[in-house]
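The values are calculated or read from the model by the stated rules, or taken from the named source; none is laboratory data. What you are looking at is a predicted structure, and each value in this text was computed from that prediction instead of being measured. Cβ coordinates were reconstructed from backbone atoms using ideal geometry, including for glycine residues, and neighbour counts include every protein chain displayed.
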Amino acid sequence: MARIQNNKNETRKEFITSAAARLFREKGFSATGMRDLAGEVGVEAASLYNHIRSKAELLQEICFRTANQFSAQLNELELDNSQTSLQKVEAILRHHIQWWVAKPDDMLVTNNESKYLQEPYLSTFMNERRLYVRRIEAIMEDGIRKGQLSGIQPYSAVLTLLSMVRGIEFWHRTKKNISAEALEENMVKHFIDGLRQR
């Protein structure tokens, strides 16, 4: 029987989840079958059930591990009194850019395929997403009150930030005529300069 040939630095479950993220990105969650996934990792479909319960479980794993690492960063920033609001927004933006560059499959699946999460996970995920936006808004509102940010509309600014980083998908599709580092610095400069109090 064929064995799952995973990287020594990851568990078999992690290897399968990464393969699922690639397939969900390329084919969509609905169009991806367990046979597709088995072929991607090099085993019979029945063997996958030794490691996972269903493809729905894999989607849940991808979406929540992605959301959780963004929430973890925000938790730290909210408790950090040494940084200004502008510095915190910059840290959030850089974190999003770096994650889009490093984990495009996870990011695209989380954004485009999370609608297929089963309940109660879908409701939980959507509530957490709304709360995440609200928490970034609160950082911006605090910066406006303290005179650190210009008179922006916080909700619009958060949507602009999130929409901007999604554009990195197009960078991945091209031949990358700009490095990841230069891309990050340019995006940060354009966005943060627009928020800076003049």
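For region 13-25, check the following and say yes or no: at least one residue is within 30 Å of E141 (Cα to Cα), at pLDDT 95 or above and touching an Asp or Glu at 6+ places or on another chain (Cβ under 8 Å). No. Of the residues in region 77-95, at least one is surrounded by 13 or more Cβ atoms within 10 Å (Cβ to Cβ) and not in a helix (DSSP H, G or I).
Residues checked against (1) surrounded by 13 or more Cβ atoms within 10 Å (Cβ to Cβ); (2) modelled with pLDDT of 95 or more; (3) basic (K, R); (4) not assigned by TED's automatic domain parsing to the domain that holds E61:
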| position | (1), (2), (3), (4) |
| --- | --- |
| P120 | no, yes, no, no |
| M126 | yes, yes, no, no |
| L131 | no, yes, no, no |
| I136 | yes, yes, no, no |
| G143 | yes, no, no, no |
| K146 | no, no, yes, no |
| S150 | yes, no, no, no |
| Q153 | no, no, no, no |
| F170 | no, no, no, no |
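Selection of region 96-106 for residues being free of Cβ contacts under 8 Å to residues at least 60 places away in the same chain and surrounded by fewer than 17 Cβ atoms within 10 Å (Cβ to Cβ) yields only A102. Hey, can you tell me all the residues within region 48-91 that are farther than 25 Å from K189 by Cβ, basic (K, R) and in contact (Cβ under 8 Å) with a residue 12 or more places away in the chain? K55, R65 - these are the residues of region 48-91 that are farther than 25 Å from K189 by Cβ, basic (K, R) and in contact (Cβ under 8 Å) with a residue 12 or more places away in the chain.
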